[in-house]
Amino acid sequence: MNNITVNMEYFKRYTAYGFYGLLQNWIRNDFKESLEEFTKEVIDLTKTHIYSFEYIGNKGERLMD
């Protein structure tokens, strides 16, 4: 861990727009993957992303990386 402080408001927005981009891409590609495949990929990606962070507490709503 490198203990970099992350602004939670930015992190929430970053995550939301990332998911929005994946969803847009899936639609633009005419739903190339099935709903089940798309959902599994998003869940797997989310798990990987979440495991890269450690929540330290409510110190001004910050997240440590």
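Quick notes on this one:
- Count of the range 1-13 residues which are loosely packed, with under 12 Cβ neighbours inside 10 Å and within 10 Å of the chain's Cα centre (by Cα): 1
- The single condition from (1) modelled with pLDDT under 85; (2) exposed (fewer than 10 other Cβ atoms within 10 Å of the Cβ) that ARG28 fails is (1).
The values are calculated or read from the model by the stated rules, or taken from the named source; none is laboratory data. Since the structure is predicted, the reported quantities are computational estimates derived from the model, not experimental observations. Cβ coordinates were reconstructed from backbone atoms using ideal geometry, including for glycine residues, and neighbour counts include every protein chain displayed.
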